[in-house]
1. Does at least one position in the range 33-50 carry a residue that is at pLDDT below 70, part of a loop (DSSP other than H, G, I, E, B) and exposed (fewer than 10 other Cβ atoms within 10 Å of the Cβ)?
2. Can you pull out the residues in the range 10-32 that are in a helix (DSSP H, G or I), at pLDDT 55 or above and either touching a helix residue (DSSP H, G or I) at 6+ places or on another chain (Cβ under 9 Å) or not charged (D, E, K, R) (or both)?
Amino acid sequence: MSISLSAPNLEPNMSHGSVGLKVAQMSKEQQKIEGDIALKLIESALPETAPVGNAGHIISTKA
C-alpha cells in the first residue's frame, strides 16, 4: 500500500471561488457586528441629560 502526496483529493477545492466568497461574507458580517458594538459603546458614553446649573463652570484665574 502506498500513499501519494499528489493525489487530487488532498488538494483544496478552491477552483470555484466558493471558499473566497464565504470568507468575504463572514468578514462582512463580523465587521457589521463590531461596528454595532462600537456604536453601542459610543452611545453609552454620551451623557443622558445636559448639566444643570453652573457648578464647575467658574474657574478662578488668580493664583
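1. Yes, there is a match, as at least one residue in the range 33-50 is at pLDDT below 70, part of a loop (DSSP other than H, G, I, E, B) and exposed (fewer than 10 other Cβ atoms within 10 Å of the Cβ).
2. Within the range 10-32, SER18, VAL19, GLY20, LEU21, VAL23, ALA24, GLN25, MET26, SER27, GLN30, GLN31 qualify.
The values are calculated or read from the model by the stated rules, or taken from the named source; none is laboratory data. In this text, all values refer to a predicted model and were calculated from it rather than measured experimentally. Every residue, glycine among them, receives a Cβ derived from its backbone with ideal geometry; neighbour counts consider all protein chains shown.
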